[in-house]
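In what follows, a single structure is set out as structure tokens and then discussed.
Throughout, read-outs are computed from the coordinates displayed, never taken from laboratory work. Please read these numbers as outputs of a predicted model, since none were measured by experiment. A quick note on method: Cβ atoms are made from the backbone with ideal geometry, for glycine too, and the neighbour counts reach across all protein chains shown.
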Amino acid sequence: MSLSHLSHPIPGQSLTSEPGNAAWEKPSKFSDPMDVLEMYMEKLGNEEVVDDVMDMLDIGIPINTVAGSMLGMGVMEGLHTVDVKLLLRPLVAAHIKSLADVVGVDYKMTMADYDDKDAKAAQKRKAKLAAKLAIQTGAVVPAKADEGEEIMMETQQQLEQPQEEAEAPEVQEVPEVQQEQPAEASVGLMAKG
């Protein structure tokens, strides 16, 4: 078992620090989604980034997870807001998909594309992907990681976090309760009649 959970902030720690110190608590660098999209297209034009992204797809990381990690890093760095992340995720994922098609890398779009029989098998697959990614990036964090390695590390963290999958709740039939009508006519201020 890893002791990495000890390096995380304690619950409520963010409430004791001065507000506005984190990058995401300040106005974002880009406000126009088209500018943000252009920035990510340039980033995906970088050969080092494309190589690392294709390596992640090759070991089985889904495209939506990679796109979400890239955009999540942008939010955490204060480059854009969460709503821009949500708007651009399908576009960035489509661009990564087209790059994978050109390069010839097999890929999955989402974790749901895997044919896992139950939740335990899905969790096992996520653990295997996280382990493969850890091997790919190396257990030791380099002194200065390039952009592609940063995306790989962010994706690894996202895979290691437990993600709750929405299960359809059981639908139970509720017997209808019939109310009896009073036999006597209502007499009163609001009585119909």
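Some notes on this structure:
- For Leu79, the residues whose amide H sits under 5 Å from its own are Lys29, ignoring neighbours fewer than 5 places away on the same chain, with H placed 1.01 Å from N.
- Rounded to the nearest whole Hz, the Karplus-based 3J(HN,Hα) values (6.51 cos²θ - 1.76 cosθ + 1.60, θ = phi - 60°) of region 14-25 follow the sequence 5, 7, 9, 9, 5, x, x, 7, 7, 4, 7, 8, with x at glycine and proline.
- The label-point distance for Met109 and Asp51, in a model that sets each label 7 Å from Cα toward Cβ, rounds to 3.0 nm.
- Isotropic mean projected area of the C-alpha convex hull, region 20-159 (nm²): 9.1 nm²
- Relative contact order of region 1-104: 34 percent, from C-alpha pairs under 8 Å at least 6 residues apart in sequence.
- Across the options Met54, Leu44, Pro19, the greatest Cα extent toward the positive end of the charge dipole of region 1-60 (unit charges at beta carbon of Lys, Arg, Asp, Glu) belongs to Pro19.
- Size estimate for region 73-117 follows the Kirkwood approach: the inverse of mean 1/r over distinct Cα pairs works out to 12.4 Å.
- Cα shape, region 1-87, gyration tensor, a/c 1.5 rule: oblate
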